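Notes for the one structure printed next.
The values are calculated or read from the model by the stated rules, or taken from the named source; none is laboratory data. What you see is a predicted model; the values in this text were computed from it and never measured. All Cβ positions, glycine included, derive from the backbone under ideal geometry; neighbour counts span all protein chains shown. Note: accessible area is taken over every heavy atom of the protein model, side chains too, but ligands, DNA and RNA are not part of it. Shrake-Rupley method; radii C 1.70, N 1.55, O 1.52, S 1.80 Å.
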Amino acid sequence: MKLVRKDIEKDNAGQVTLVPEEPEDMWHTYNLVQVGDSLRASTIRKVQTESSTGSVGSNRVRTTLTLCVEAIDFDSQACQLRVKGTNIQENEYVKMGAYHTIELEPNRQFTLAKKQWDSVVLERIEQACDPAWSADVAAVVMQEGLAHVCLVTPSMTLTRAKVEVNIPRKRKGNCSQHDRALERFYEQVVQAIQRHINFDVVKCILVASPGFVREQFCDYMFQQAVKTDNKVLLENRSKFLQVHASSGHKYSLKEALCDPTVASRLSDTKAAGEVKALDDFYKMLQHEPDRAFYGLKQVERANEALAIDTLLISDELFRHQDVATRSRYVRLVDSIKENAGTVRIFSSLHVSGEQLGQLTGVAAILRFPVPELSDQEDDSSSEED
């Protein structure tokens with residue numbers, strides 16, 4: 001993302017002009033735009049024209065509109081963002097108050113104006129415009145007959161390809177059908193890797209599976225690379241890292257990212273930091289439950305006691321339509337930062353963010369045990385009974 005201009009007043013009202021450069025920038029923009037904001041961008045509008053003879057025709061014209069945002073739609077697989085709203089600025093083609101949907105386009109700037117820019121939104125703009133936050137991890141999660149090729153960016157896990165091949169069972173004295181099907185499966189996975197992974201950007205490719213599937217696949221891939229003189233695969237051989245996962249499904253990626261060898265290799269990526277924070281929370285919940293809280297009310301009480309060391313919060317909560325609820329989450333984040341706590345904002349499109357979402361989307365690791373809060377929780381639950 002490129003920041004062209006930033007005009008924010010002391011009362012936090014103002015506007016920013018940005019240029020989305022990569023598909024992931026659309027996800028950042030989705031988290032910036034809210035209902036009630038005004039968005040100015042270039043768009044295509046179908047316009048009816050009447051000739052001197054009275055015949056009516058229609059043309060598609062490119063024009064710049066300013067909309068008051070009413071609805072936002074994000075397609076996570078195609079990374080496309082559509083914003084619907086009413087026109088609030090005079091335009092030769094579109095009447096004031098007329099509805100229009102703008103599809104934001106890569107490399108075309110847009111201007112977003114808000115009455116109130118909060119700290120969470122401003123921090124996301126900083127992160128989106130920081131070149132260090134580029135997609136640098138790929139993963140192949142596989143089992144016999146099923147594989148997912150994913151890109152792990154700082155903000156989301158994108159499934160780029162799903163490979164499914166029916167593998168017949170081995171039969172006594174005849175394994176040829178099984179072996180042929182397995183070879184066909186491996187070949188399709190290799191093709192998916194070459195098609196969807198940019199080796200110039202990616203620092204590490206995780207190959208995760210149960211059993212010996214990953215070793216057999218990597219042996220096959222590099223044997224074929226030698227036979228066909230595939231220089232791209234051979235030159236990037238050191239980037240492939242084999243790790244254990246319980247299955248070939250996408251959710252098993254979290255296990256792969258938790259692996260200590262992977263964590264050390266990916267120590268500088270946000271994705272690894274999120275996974276480690278969530279792992280630390282689960283360990284704390286198991287061994288010292290008085291130092292691991294989840295749910296907004298419990299976390300707010302712990303914050304009042306200045307007990308929070310690390311806050312884990314899903315970015316989904318900051319897209320809440322109710323301004324008061326959203327402000328409550330922003331105040332919580334600001335307060336914890338002021339008290340020298342760490343705040344980790346999880347992407348709801350990451351496997352770790354999906355898991356945090358199952359825990360209400362907000363959780364905290366505490367500096368010291370706060371047993372009285374747990375007692376209050378027990379008391380309130382017994383009263384309900």
(request) Note down the nm distance, to one decimal, between modelled labels 7 Å out along Cα→Cβ at S247 and at Q286. (result) 2.0
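What area, in nm² and to one decimal, does the C-alpha convex hull of the stretch 189-235 cast on average over all directions?
3.4
How big is the stretch 139-192 by the Kirkwood estimate over distinct Cα pairs, in Å?
Values: mean 1/r = 0.0820 Å⁻¹.
The answer is 12.2 Å.
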(message) Just to confirm the filter: which GluC sites (Glu not before Pro) across the stretch 54-102 are DSSP coil and have at most 12 other Cβ within 10 angstrom of their Cβ?
(response) E90, E92
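Might you report the magnitude of the Cβ-based charge dipole of the chain about its Cα centre, with Lys and Arg at +1 and Asp and Glu at -1, to the nearest 20 debye? Present the calculation step by step, with values, prior to reporting the outcome.
On the way: 47 positive and 56 negative charges, 380 e Å.
Taking the Cα centre of the chain as origin, the dipole is about 1820 debye.
In Å², what does the accessible area per residue of the chain work out to with a 1.4 Å probe?
Working: 19860 Å² over 385 residues.
Per residue, the chain has an accessible area of 52 Å².
At most 13 other Cβ atoms within 10 Å and a DSSP loop assignment: could you name the chymotrypsin sites (Phe, Trp or Tyr not before Pro) in the stretch 144-249 that fit? Let's see the in-between values first.
On the way: sites: F185, Y186, F199, F212, F217, Y220, F222, F240; in loops: F199, F212.
Here the sparse-neighbourhood loop sites are F212.
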(request) Please work out whether the stretch 1-153 counts as rounded, prolate or oblate from its C-alpha gyration tensor, where a ≥ b ≥ c are the square roots of the eigenvalues and a/c under 1.5 means rounded, while otherwise a/b larger than b/c means prolate and anything else oblate? (result) oblate
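Calculate what fraction, in whole %, of the accessible area of the chain sits on carbon and sulfur atoms when a 1.4 Å probe is rolled over the protein chains.
On the way: 9050 of 19860 Å².
About 46 percent, which is the carbon plus sulfur part of the accessible surface.
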(request) Quick one: net charge around Y99, please, counting Lys, Arg +1 and Asp, Glu -1 for every other residue with C-beta under 12 Å from its C-beta. (result) +2
(message) Which one, T157, G211, V232, is farthest towards the positive end of the dipole of the chain when Lys and Arg carry +1 and Asp and Glu -1 on their Cβ?
(response) V232
(message) A 20 angstrom limit on the alpha carbon distance is what I want to check against. Which of K203/K254; K2/K254; K6/K84; K162/K250; K276/K297; K84/K114 exceed it?
(response) K2/K254; K6/K84; K276/K297
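At 222 nm, what helix-only mean residue ellipticity would the chain give, in deg cm²/dmol to the nearest 500, using -39500 (n - 2.57) for each DSSP H run of four or more?
Working: 12 runs with 139 residues, N = 385.
Result for the chain: -11000 deg cm²/dmol, rounded to the nearest 500.
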(request) Could you tell me which of N166, F110, V83 has its Cα farthest along the dipole of the stretch 19-177 towards the positive end, charges placed at Cβ (Lys, Arg +1; Asp, Glu -1), taken about the Cα centre? (result) N166
(request) Counting other Cβ atoms within 10 Å, keep those with at most 15, restrict to DSSP loop, and tell me which trypsin sites (Lys or Arg not before Pro) in the stretch 43-142 are left. (result) K95, R108, K115
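Which percentage, to the nearest 5, of the DSSP beta bridges contained in the chain is antiparallel? All intermediate terms of the calculation are to be shown ahead of the outcome.
Details: 65 of 81 bridges.
Antiparallel bridges: around 80 percent, rounded to the nearest 5.
Report the FRET efficiency, 1/(1 + (r/R0)^6), for K337 and R62, where r is their Cβ-Cβ distance and R0 is 41 Å, rounded to 0.05. Each step should come with its number before you reach the end.
Details: r = 43 Å, r/R0 = 1.04.
E between K337 and R62, to the nearest 0.05, is 0.45.
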(message) Students often get this wrong, so try it: which of [x] 1.05; [y] 0.94; [z] 0.98 is Rg/Rh (Cα atoms, Kirkwood Rh) as calculated from the structure shown?
(response) [x]
(message) Please give the charge dipole size of the stretch 28-95, origin at the Cα centre, charges +1 on K and R Cβ atoms and -1 on D and E Cβ atoms. Round to the nearest 20 debye.
(response) 180
